[in-house]
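Enquirer: Once you've had a glance at the structure underneath, I'll fire off some questions.
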Amino acid sequence: VNGRELPARFDPVEVERRWQEAWESAGLFRAPSAPTGAVFSLALPPPNVTGVLTLGHVLGDSVMDLLVRTHRMRGDATLWLPGADHAGLATQVEVRRRLLKQGVRLEELPREQAIQAVESWRHEHETVIREQIRRGGFSVDWTRYRYTMDPEMQRATTQIFVRLFHEGSIYRGERIVNWDPRLRSALSDLEVVHTEETTELLTIRYPWADGRPGGILVATVRPETIFGDVAVAVHPDDPRHAAAVGRSVRVPLTERVIPVITDPGIDREFGTGALKVTPRHDVLDFEIFRRHPGLPLPPSVLDEGGKLEGEWVPVPFRGLDRDAARLAVRDALHAEGLIEKTEPHQHTIGRSERSDAVIEPRLSTQWFVRVGPMAERSVEAVRRGDIRFHPDRWTPSFFRWMEKLEDWCISRQVFWGHRIPVYTCGGCQLVVVAAEAPLACAKCGGKELTQDPDVLDAWFTSWLWPFASLGWPEPTSDLARYYPTQVLVTGRDIMFFWVARMIMAGYQFTDRAPFADVYYTGMLRDDQGRRMSKHLGNSPDPLQLIGEHGADALRFALLYPNPVDQDGPFGRASLDGARHFLTKLWNVVRFTVGHLPASMEPPPDRLELPAGARLEERWIASRFSATVEEVDSALAAFEFTRATTLLHGFLWHDLADRYIEVAKGTLAGDRGEEAARVAQRTLSFVVERTLRLLHPFAPHVTEELWHAVPHSGEFLAVARWPSGTEATRDPAAEAEMHVVLESIRVFRNLRAENHLAPAEPLRAWVRVSDPKAAQALREQGPTVAKQARLAELLLLAPGAPDPADVATSVIAVGEYFLAVPRERSATESEALRRERSKLSDLLTKTQSRLGDAGFRTRAPPEVVREQESKVAELTERLRRIDGHLGESSTESAT
Ligand SMILES: [Zn+2]
């Protein structure tokens, strides 16, 4: 039914709820199971079940929904697959925190109960996450929802481990890992937050072992680790230490003797240029240790909880926590006179993202994935352009990262996650790696098989997401239809940890790129320019914003006006702007409904205007056609903010401020019934199509409004996406309308500059040299006069004298004169002089830019041409202004 009454104001919360339920119950977002024609699929990056959605999620989801809804409207078989990530360690930390508040320690619960506690946390949060995606109006296919711990994902993960192990790509090894002593687990690099902190740097003297006076000076911020030293290393080309090389020193506070060795990895600039080598507790030290096979591997001197331990630690220090040990060792060194210098030292410290504990580099036995060959294949794919990054300024960082990629530590010492499928026989120690737990040992028949207690890094499951979420390794029909996916949208903060690994997994396990395009959203900042983060508490709750302003306003504010791919501020101003825009849209549609007959037919497939159609009708049809084409090209280029800006401008300026303003009278019947009918048909068509174009950007309000205007079909969400060929491009109409709009603008400005009442009818003149412009003004004079509130508008012949007592403005189109009372003319020449000086500055700037040889070689030719024609235009305008100023000075002289 057309012409449904629209209230003056709308309640987004009520409107949005209603359409979310209607879309879902109509099953509009369910991907077809037997698609024909083009397919568009993408996976929603599964949010962690640890928490709630942030504004950053809403930004990514808004971009994805924009793509998804556009493709759905184009008729593509569209799948947007939602899911959630179990997020292993992160979840376990949250659950642990909650239990502690109830006085329960997670690690003391029996495994079954601990898992139950995590599961109930998961269910609560999953419900919240699903509700958030619904409230945002994001058109995911809920029937295909997946969770990284469901049985299918479990099978896929285990199978990948077993396969990589048998291919020799997974190995167990000793490596320095990021160790969190509070959580007693290894962490991935991602889970380490690096901050600049100041610590005390000690310069310690290691005395010569032969008892001669002196020794070698070593600077360190971690004196508590000296007990794990196996050598002091210096750079082979460092003359300061040349004499020390080959000698031995005594480890302070002990009787242990260690050699002074050379290694090219030593940084000569740091401290004294001599480094204590503690292989178990530092990445570089471990590398040096491996380059020097003669050095012994010490026993551990720090336990899993960060306490000093082991036979190399002197008894008084054993059992001390690392912080207490640092002070105790420093005091003991002081007492022995072995500290040469102490100074504050600013350096980078890694802290656990989960527990905030300072990371202790620690040598431990872990499972690793050999990533080298997989990384090479991914780099080649990106180089070939099989996978494209948007914006492409992130491509070089991808290459840099992949080049220095280290093997991936995938074991975690937590219980929440996919268990490592490795079993050890209690009888003969045979190690079995298998997807299913073996019932008995293949070698000795023993039945005591113990599974590795560790679990896999959660990324080891999520790197499989694009195909495992579609059923892989089973040859499901969804996998056949919807894999590979087309696009991935994510924040660049997980470019390496997730995007790079998904690319590796895609090629390794499916022999294909998992997606063709990767779009990185920017990072949101607050009004003060700070990154939004949970820690700063400056990240607003999206659900609260949706409750206050509506999901459409929030989504639109995230897309416009700050470029989606740049780190931009988000605050009150963005939301207000979005609300104003949606109100403008509402008012345009209310106006339209009020000016169309109730019996009006839905708009046709193509807008055909009769031969005598008015200029504004031909013009808005042409602008509509151009806008569709520009929006399509912006979307194809992943320029989402440009697409939003184009539609914003089209609705606000072209449709509302220009077309409707000009056509109001015609619509009201001022020019007869036939003209009114043409205007109604045009308005109805353009408004209905504009709602379609805006639907992916603000889905709820457009759906609501679409049902109020003449339309055919049940839902806007599945209406056909418009094409530029549905209306006629009319360059002549655009040029002519340009003259009209410029004329209106100039007269309005002249009025404002001269402080003339906006409604006072004034006489006006215009002199144009271009015959087409003259023709346009002859025909459209009444429109200009009406819009600019002129008593009359007269066209001056090229040679005719200027009228007297006027305010003047000269633009590219021509010379404009507005009658002003006689006493104002002095102000007038003053205004003209000001304009002259402005134009002359601009001319100088443009000329000097063009005179710069660098600019001419670097800038694209069309930019150079544009600048050249600007110079010509400015010169012409200045010439005309000088003419006027000359005349007026002649006048005043006589
Ligand atoms: Zn056995």
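Enquirer: When you scan region 26-47, how many residues do you find that are part of a loop (DSSP other than H, G, I, E, B) and either among the hydrophobic types (A, V, I, L, M, F, W, C) or within 16 Å of PRO82 (Cα to Cα) (or both)?
Expert: Keep residues of region 26-47 that are part of a loop (DSSP other than H, G, I, E, B), which gives 26-38, 44-47.
Then drop every residue that is not either among the hydrophobic types (A, V, I, L, M, F, W, C) or within 16 Å of PRO82 (Cα to Cα) (or both), which leaves 26-32, 34, 38, 44-47.
The total comes to 13.
Enquirer: Return the total of residues in region 470-529 being in a helix (DSSP H, G or I), acidic (Asp, Glu) and more than 21 Å from MET402 (Cβ to Cβ). Give the derivation first.
Expert: Quick first cut of region 470-529, residues in a helix (DSSP H, G or I) only: 477-482, 492-510.
Restricting the remaining residues to those that are acidic (Asp, Glu) gives 478, 493.
From the residues that got through so far, the ones that are more than 21 Å from MET402 (Cβ to Cβ) too are 478.
Number satisfying all stated conditions: 1.
Enquirer: Another one. Give ARG606, ARG579 a once-over and let me know the one that is touching a residue at least 60 places away in the same chain (Cβ under 8 Å) and charged (D, E, K, R). Before the answer, list the steps.
Expert: Values: ARG579 fails: touching a residue at least 60 places away in the same chain (Cβ under 8 Å).
The conditions single out ARG606.
Enquirer: Then there's this: If you check LEU756, LEU777, which single one turns out to be in contact with a strand residue (DSSP E or B) (Cβ under 8 Å, 6 or more places away or on another chain) and part of a loop (DSSP other than H, G, I, E, B)?
Expert: Working: LEU777 fails: part of a loop (DSSP other than H, G, I, E, B).
Exactly one residue qualifies, and that residue is LEU756.
Enquirer: Would you mention how many residues in region 75-120 are out of contact with any Ser or Thr (no Cβ under 9 Å at 6 or more places or on another chain) and among the hydroxyl-bearing types (Ser, Thr, Tyr)?
Expert: Of the residues in that region, 1 qualify.
Enquirer: Here's another thing I want to ask about it. Name every residue in region 428-449 that is more than 7 Å from the ligand (Cβ to nearest atom) and under 21 Å from GLU167 (Cβ atoms), in order of residue number.
Expert: Selection gives VAL431, VAL432, VAL433, ALA434, ALA435, GLU436, PRO438, ALA442.
Matching residues to (1) outside any helix (DSSP H, G or I); (2) surrounded by fewer than 17 Cβ atoms within 10 Å (Cβ to Cβ); (3) out of contact with any Leu (no Cβ under 8 Å at 6 or more places or on another chain):
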| residue | (1), (2), (3) |
| --- | --- |
| ASP237 | yes, yes, yes |
| HIS241 | no, no, yes |
| PRO252 | yes, no, no |
| GLU255 | yes, yes, yes |
| PRO264 | yes, yes, yes |
| PHE270 | yes, yes, yes |
| LEU295 | yes, no, yes |
| SER300 | yes, no, no |
| HIS334 | no, yes, yes |
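Enquirer: If you go through region 673-727, how many residues are charged (D, E, K, R), within 26 Å of SER25 (Cα to Cα) and in a helix (DSSP H, G or I)?
Expert: Just the residues of region 673-727 that are charged (D, E, K, R), to begin with: 673-674, 677, 681, 688-689, 692, 703-704, 714, 720, 726.
Those still in the list that are within 26 Å of SER25 (Cα to Cα) too: 688-689, 692, 703-704, 714, 720.
With in a helix (DSSP H, G or I) added as a condition, the list becomes 688-689, 692, 703-704.
Residues meeting the conditions: 5.
Enquirer: Determine, yes or no, whether VAL245 is free of Cβ contacts under 8 Å to residues at least 24 places away in the same chain and of a type outside the set (D, E, K, R).
Expert: Numbers: free of Cβ contacts under 8 Å to residues at least 24 places away in the same chain: yes; of a type outside the set (D, E, K, R): yes.
Taking the combined requirement at face value, the residue satisfies it.
Enquirer: Could you give every pair whose Cβ atoms fall below 7 Å, whose first residue belongs to region 437-463 and is free of Cβ contacts under 8 Å to residues at least 24 places away in the same chain and under 16 Å from GLN159 (Cα atoms), and whose second residue is within 16 Å of the ligand (Cβ to nearest atom) and among the small types (Gly, Ala, Ser), counting only separations of at least 6 or pairs across chains?
Expert: none
Enquirer: Can you pull out the residues in region 504-522 that are of a type in the set (A, V, I, L, M) and in contact with a strand residue (DSSP E or B) (Cβ under 6 Å, 6 or more places away or on another chain)? Working first, answer last.
Expert: Of region 504-522, the ones of a type in the set (A, V, I, L, M) are 504-505, 513, 516, 518.
Across region 504-522, the qualifying residue is only VAL518.
Enquirer: State yes or no: is VAL739 out of contact with any Gly (no Cβ under 8 Å at 6 or more places or on another chain), of a type outside the set (D, E, K, R) and more than 25 Å from PHE10 (Cβ to Cβ)? Outline the logic, then answer.
Expert: Values: out of contact with any Gly (no Cβ under 8 Å at 6 or more places or on another chain): yes; of a type outside the set (D, E, K, R): yes; more than 25 Å from PHE10 (Cβ to Cβ): yes.
Criteria met by VAL739.
Enquirer: Related question: If the requirement is being within 28 Å of LEU183 (Cα to Cα) and within 16 Å of the ligand (Cβ to nearest atom), which of these qualifies: VAL455, VAL414, VAL422? Before you say what the answer is, go through the steps one by one.
Expert: Working: VAL455 fails: within 16 Å of the ligand (Cβ to nearest atom); VAL414 fails: within 16 Å of the ligand (Cβ to nearest atom).
Criteria check complete, one pass: VAL422.
Enquirer: Same structure, new question: Can we say TRP367 is away from the ligand (no atom under 16 Å from the Cβ), at pLDDT below 90, outside any helix (DSSP H, G or I) and aromatic (Phe, Trp, Tyr)?
Expert: Details: away from the ligand (no atom under 16 Å from the Cβ): yes; at pLDDT below 90: no; outside any helix (DSSP H, G or I): yes; aromatic (Phe, Trp, Tyr): yes.
For TRP367, the condition - away from the ligand (no atom under 16 Å from the Cβ), at pLDDT below 90, outside any helix (DSSP H, G or I) and aromatic (Phe, Trp, Tyr) - is not met.
Enquirer: Name every residue in region 113-148 that is farther than 14 Å from PRO47 by Cβ and either in contact with a strand residue (DSSP E or B) (Cβ under 8 Å, 6 or more places away or on another chain) or assigned to a strand (DSSP E or B) (or both), in order of residue number.
Expert: SER139, ASP141, ARG144, listed by residue number.
The values are calculated or read from the model by the stated rules, or taken from the named source; none is laboratory data. Quick caveat: nothing in here was measured; it's all calculated off a predicted structure. Here the Cβ is made from the backbone with ideal geometry for all residues, glycine too, and neighbour counts use every protein chain on show.
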